[in-house]
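The values are calculated or read from the model by the stated rules, or taken from the named source; none is laboratory data. For clarity, every value in this text was computed on a predicted model and none was experimentally measured. Neighbour counts run over all protein chains shown; Cβ positions are idealised from the backbone, glycine included. Remember, those area values only see protein heavy atoms, side chains included, never the ligands or the DNA or RNA. Shrake-Rupley method; radii C 1.70, N 1.55, O 1.52, S 1.80 Å.
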Amino acid sequence: MPYSIADALIAALPLPVVLIGPTERIEGANAAARALVPTGEPGRHYITALRQPALLDAVEQCLTGGKPVQSRYLGRSGARDTTWRVTVSPVGLPDGPGAVLTFEDITALEEAGQMRRDFIANVSHELRTPLTSLLGFVETLRGPAKNDPAARDRFLGIMEREAGRMAQLVRDLLSLGRVEEEERVRPVAPVELRGLLESVSAGMEPVAAATGNRIDLVLPAEGEVTVPGDADQLRQVALNLIENALKYGGPDRPVTVTLTGPAEEPALRCRAVRIAVADRGEGIDEHHIPRLTERFYRVDSHRSREVGGTGLGLAIVKHIVNRHRGRLRIESRIGEGSVFTVVLPVA
Ligand code: ADP
């Protein structure tokens, strides 16, 4: 066994590693490499084993030039595409020059990069729409509507709404950034939820009344309900959910906010309280539900914008609930309404 030490070394490495010998054939491949490149069995020519042109070029360059070369390999793990950075390094073997290929999984890195790009594209798009409209109206006010007080008033009203939308978007972005930054640190200050829900719903009452609506609070008969948490963030959770229930629930459809517990919560394996915000709106189709907490995901973009939505409210809620080691559950029935339940551990 001429390469038994090499084989032993390769087998011990946690990364996929392939050794190509002077005859351009695969001389060794560890289990991780065999799982990644099923055609990479020893004895095969590297061209028929590796198959991906970019990687084949890199191997050829390395074998002829004697210098390390980097390349990429696209793999597949179950239903998921994976991306690997491959370093092809020249090695001197007893019977001539060869190459060692090491594969690093950079899928998460690539995905994070893609998410960042999508996020920037979304933010730019969200800001551009109101900004274009603002600039358009400024031009109209300077030109055709210069001496038309009625049109001026109407346009200023629209401009105020568009500027307000941008301000709300910036507030939500900052808030999302802050929550994400702190997500790993679990908050511990005692927060009393009865008082918190009373104050949030009292604050929202005028908003509800404006559409002939109301908020019904259903609280435990007595006693304080305290959880370890961050009061400002939990207030934001209640606010976002109640705001949505009013926005999408529709006029004259009361919103019910129910606080229950503490009780044993099997999913969290501890005692927890529940805040459920229920509306009697049109409901959400089942296939949208898993995606509602994604940033900028909306069931109906036009409707969301019309009611002043930014598409970030539920993403903020999800991050805050995660930070509190809780759960967010969404149940909905078309034509009947939706219930957003936040489950928060009491210890
Ligand atoms: P938005 O600012 O658009 O309201 P959210 O993140 O708060 O953003 O919500 C995302 C989407 O989820 C909304 O655009 C809407 O389509 C849907 N949604 C949220 N809450 C409700 C609700 N109570 N009833 C129906 N649809 C809802």
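Is the stretch 275-347 rounded, prolate or oblate when judged by the Cα gyration tensor, a ≥ b ≥ c being the square roots of its eigenvalues, rounded requiring a/c under 1.5 and prolate requiring a/b larger than b/c?
Working: a/c = 2.16, a/b = 1.38, b/c = 1.56.
In terms of gyration-tensor shape, oblate.
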Could you work out, for the stretch 1-93, what percent of all Cα-Cα pairs fall into each 5 Å distance bin, beginning at 0 Å and stopping at the bin that holds the largest distance?
3, 14, 24, 28, 20, 8, 2, 1
Solvent-accessible surface ranking, highest first, for Arg184, Arg295 at 1.4 angstrom
Arg184, Arg295
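If you stretched the chain out fully between Arg329 and Ala189, how much longer would it get, using 0.36 nm times the residue separation minus the C-alpha to C-alpha distance?
Working: separation 140, 0.36 × 140 = 50.40 nm, distance 2.40 nm.
Going from the current span to full extension adds 48.0 nm.
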Set the Förster distance to 25 Å, then compute FRET efficiency between Thr107 and Gln61 from the Cβ-Cβ distance, nearest 0.05.
0.50
Can you tell me the orientation of helix 107-142 relative to the chain, as the angle in degrees between its alpha-carbon axis and the longest Cα principal axis, to the nearest 10?
40
Among Gly195, Ala163, Leu141, pick out the residue whose Cα is farthest towards the positive end of the charge dipole of the stretch 135-216, where Lys and Arg carry +1 and Asp and Glu carry -1 on C-beta, about the Cα centre.
Leu141
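Taking the Cα centre of the stretch 167-212 as origin, work out the dipole magnitude from +1 charges on Lys and Arg Cβ and -1 charges on Asp and Glu Cβ, in debye rounded to 20.
40
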Once you treat every alpha carbon in the chain as an equal point and sum by Debye, what is log10 I(q)/I(0) at q = 0.07, 0.08, 0.15 Å⁻¹?
-0.52, -0.63, -1.15
For the stretch 159-168, Karplus-derived ³J(HN,Hα) couplings (6.51, -1.76, 1.60; θ = phi - 60°; whole Hz; x for glycine and proline) come out as 4, 4, 5, 5, 5, x, 5, 5, 4, 5
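Counting only helical runs of four or more DSSP H residues, what would the 222 nm mean residue ellipticity of the chain come to if each run contributes -39,500 (n - 2.57) and the total is spread over all its residues?
On the way: 10 runs with 157 residues, N = 347.
It lands at -15000 deg cm²/dmol.
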Equivalent ellipsoid semi-axes - Cα gyration tensor, the stretch 196-335, angstrom:
24, 19, 14
Between 0 and 90°, nearest 10: helix 231-249 axis offset from the chain longest Cα axis:
70
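Treat every Asp and Glu Cβ in the chain as -1 and every Lys and Arg Cβ as +1, leave all other atoms uncharged, and give the resulting dipole magnitude about the Cα centre to the nearest 20 debye.
Details: 42 positive and 45 negative charges, 66 e Å.
That gives the chain a dipole magnitude of about 320 debye.
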Putting +1 on Lys and Arg Cβ atoms and -1 on Asp and Glu Cβ atoms, find which of Ala221, Ala245, Thr211 reaches farthest to the positive end of the dipole of the stretch 207-248.
Thr211
With +1 at each Lys and Arg Cβ and -1 at each Asp and Glu Cβ, the charge dipole magnitude of the stretch 50-134 around its Cα centre, to the nearest 20 debye, comes out at 160
Multiply the residue separation of Asp95 and Ala54 by 0.36 nm, subtract the distance between their alpha-carbon atoms, and state the gained length in nm to one decimal.
12.1 nm
GNM on the chain, C-alpha springs below 10 Å: top fluctuator among Pro187, Pro251, Pro97?
Pro97
The chain, Gaussian network, Cα under 10 Å: of Val277, Val207, Val59, the residue fluctuating most is Val59
Across Pro14, Pro220, Pro130, the residue with the highest GNM fluctuation in the chain (Cα network, 10 Å cutoff) is Pro14
Cα-based shape type of the stretch 124-255, given that a ≥ b ≥ c are square roots of the gyration tensor eigenvalues and the cut on a/c is 1.5
oblate
Can you give the FRET efficiency for Ala167 and Ile47, using 1/(1 + (r/R0)^6), R0 = 51 Å, r = Cβ-Cβ distance, to the nearest 0.05?
0.30
In degrees rounded to 10, the 0-90 angle between helix 193-210 Cα long axis and the longest Cα principal axis of the chain is 70
